[in-house]
1. Can you find a residue that is modelled with pLDDT of 95 or more, in contact with a Pro (Cβ under 8 Å, 6 or more places away or on another chain) and either crowded, with 24+ Cβ neighbours inside 10 Å or charged (D, E, K, R) (or both) anywhere in segment B:245-262?
2. If we only count strands (runs of 3 or more DSSP E) wholly inside segment B:242-360, which ones have 2 or more residues that are over 28 Å from B:Leu471 (Cβ atoms)?
3. I'm checking my understanding of the structure. Among residues of segment B:87-110 that are part of a loop (DSSP other than H, G, I, E, B) and in contact with a Gly (Cβ under 7 Å, 6 or more places away or on another chain), which one is farthest from the other protein chains (Cβ to nearest Cβ)?
4. Given the structure, is B:Thr260 in contact (Cβ under 8 Å) with a residue 24 or more places away in the chain, polar (S, T, N, Q) and farther than 27 Å from B:Val353 by Cβ?
5. Which strands (runs of 3 or more DSSP E) does segment A:1-107 wholly contain that include 2 or more residues that are aliphatic (A, V, I, L, M)?
6. Would you be able to tell me the number of residues in segment B:233-257 that are within 14 Å of chain A (Cβ to nearest Cβ) and under 27 Å from A:Tyr88 (Cα atoms)?
7. So the check is Cβ under 8 Å with 6+ separation or different chains; which pairs have a first residue in segment A:208-219 that's in a loop (DSSP other than H, G, I, E, B) and a second one that's surrounded by 12 or more Cβ atoms within 10 Å (Cβ to Cβ)?
8. Please enumerate the residues belonging to segment A:188-207 that are within 30 Å of B:Asp187 (Cβ to Cβ), within 7 Å of chain B (Cβ to nearest Cβ) and in a helix (DSSP H, G or I).
Amino acid sequence: MEQTVNIYLFGKKYEVPENLTIMTAMEYAGYQLVRGCGCRNGFCGACATIYRIKGDRELHACLACQTKVEDNMYIATLPFFPLIKQVYDIEKVPVNQQVMMQLYPEIYACVGCNACTKACTQGLNVMQYIAYAQRGDFAACADESFDCVMCGVCSSRCPAGISHPQVAMLARRINGKYILPSCDHLDKRVEEINNGAFNDLIADLMQKPVEELKELYNKREIEK
Amino acid sequence: MYSEKFKAALDAVAAKRDENTAYEPKRMTADEKDALLKKYHPDYRVDKFETLKVGKNKGEKVPTELAAMLQAHSRIAGKQIPLDTPDYDVDVLIIGGGGAGASAAIEADKAGAKVMVVTKLRMGDANTMMAEGGIQAADKPNDSPAIHFVDAYGGGHFAAKRELLSKLVCEAPEAIKWLSELGVEFDKAPDGTMITTHGGGTSRKRMHAAKDYSGAEIMRTLRDEVLNRGITVVDFTAAVELLLDENGAAAGAVLMNMETKELLIARAKTVILATGGAGRMHYQGFPTSNHYGATADGLVLAYRAGAKLLYADTLQYHPTGAAFPEQILGALVTEKVRSLGAKLVNKNGDVFVHPLETRDVCAASIIRECDDRGLGVETGNGFGVWLDTPMIEKIGGAGTIEKRIPAMMRMFGKYGIDIRVEPILVYPTLHYQNGGVDITADTMTGVTNLFAAGEVVGGIHGRNRLMGNSLLDIIVFGRNAGRNAAAKAAAVKQGGLTLDHVTEFEKQLKDGGVETDLCSPKLLPDYTREVRS
């Protein structure tokens, strides 16, 4: 007989097998999910969920697909959170803290409560990456926020109304485009291709009999 | 956390770790691979396939579960749907909000077309988001598009459409450059050199990555750009049928709000199908690494409208799906784990295959180990083999795992398994639809003005895809489809809309003797436990 636990979905009690995740427990209870379910593997942030264990004051946040049920868990999903995403032209943004002041001035109203960090479903130091954004250190902000799945739980807890995931998104794009070193071998290869440097080689492969291609493939040298 | 019952097997792996780390297993010959695949690869299990009775691929075999969807009734069969007052009227309608759809949207918008993306879940809810390992491009001095071509063509068993594959490899460096310029953070050395690794079946290290969030990093950047451009995105809305004009050209789609079930009509001058894959069809009962919405919708829509499919009988089973703990059964363990040096080891602690054979060969080897040879490890949900992750730190030094594959460390860490010091259990998982809708080099399907890009397409990779060529294909062909569909839209004279092809298909089902109660497309898998109602 499999072990079961009692959970409370939006306050209503269900008895479910203890080895389920919150997501599969909802399906076990009879829900057909449309919202609040995405990649089911912890990458997409669709299934942000908050819960409390009965008798415990602390509010927890997690991804429903990545978290096992526990006895006396009070669960509410957060399938959508109204983040503010500012529109900008990546070709024209200033690469300094001006851009943050223009687009996301509320980050300067951070009160340092650290509720965002405590709530992060990925265990990121959210308040720290916002601090980096405040001073225009996009590389550090990008690095610290890299594993963000943009579930929005941090923002739901923020007294200053900051949309942390969108701030980090902007920082990462600026970092990727303007701050990471440019890549010479890539530029060179694109130019070679545009100049037709490989046209003959490719044309030759296009018309080669399959037997010859098999020979080429089976005898190719593999880089160590 | 591993319970006591795994102790003996864990000890066996640890005891041979040093020896195994240094050991270079030999690669199989072409004949050995053929024999292995025929005996153990799921694509060769004839009893799991069914011959189609209707449509352009009549007489060909496809997975039983897919046949049931391709030969099911339309969701709108018998309904009277007024088509003369469309709810949306655009130049280019893009169905699907993953990497291919987003790339197409950006390029079509850039070309000046009025674009609309419809997606049945949210923008970015797609297999793209879950691609971990990387994206191939021959941009190093010791590499070339021609070498990339040979690797992919051979890896795909010499079955790829060469005009598609040559486009893929020749436009790969440009795709990386485009992504970099949009702000995708590729792993680079301080001098800007791309940090690249091998994937299974590559002969050069051309796998570019953004840690092990490569697809997520690409997807969130593309999504951000789509939103910056103000492109219309209609989410939680599925396409349930294509609309044609009187001449049989694609001219829009019937849409369904996933929450309210309201039907809506979108009229368009051209349509791009970017609906992705089929892992959630769970062919042959396999678990899957795929997104919740991967249910082969695009194949169904295109097939009913008269398009032809190519290689719909070949699926990719990723060799390393998580086999333990059961909460993450089937979840992808990126091939990058093997690129970085981890080897596959059986219950006796012996390496049984070169870790960088192609995916189909690795998957078949694991099945053989667990099947006839009886050398798999019992997991409680079946069998698996070890993927010895601690080897990575022996080769690359302490800290390599946290730096290069943080998502894997997190995924197992949540269940008390520290992959830096303990190996993990893996078994093949349904990962990718190798086949799909047949397209020409200009990305058009057999239906005029119906374009396709991404996993829904078949033929680019032949009968097996190499790691890192899928993220590449969604970018290259997504962009091409966007540009081509926008250009074509400018010249299209729209006629009246019709659903006659749906009526005609229903007739074919009847004439072909297909008896079914099912409707398609499937849209979402049904994981709800049956409760009395």
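1. So far as segment B:245-262 goes, yes, one or more of its residues are modelled with pLDDT of 95 or more, in contact with a Pro (Cβ under 8 Å, 6 or more places away or on another chain) and either crowded, with 24+ Cβ neighbours inside 10 Å or charged (D, E, K, R) (or both).
2. Working: elements: B:250-257, B:263-273, B:315-322.
So the answer is B:250-257, B:263-273.
3. Among them, the one singled out is B:Gly96.
4. no
5. The qualifying strands (runs of 3 or more DSSP E) are A:4-9, A:48-53, A:60-63, A:73-77.
6. Within segment B:233-257, residues that are within 14 Å of chain A (Cβ to nearest Cβ) and under 27 Å from A:Tyr88 (Cα atoms) number 4.
7. A:Lys208/A:Leu216
8. Listed by number, the residues that qualify are A:Arg189, A:Val190, A:Ile193, A:Leu201, A:Ile202, A:Leu205.
The values are calculated or read from the model by the stated rules, or taken from the named source; none is laboratory data. On a predicted model such as this, the values are computed, not experimentally measured, just so you know. Ideal geometry is used to build each Cβ from the backbone, glycine not excepted, and the neighbour counts take in all protein chains shown.
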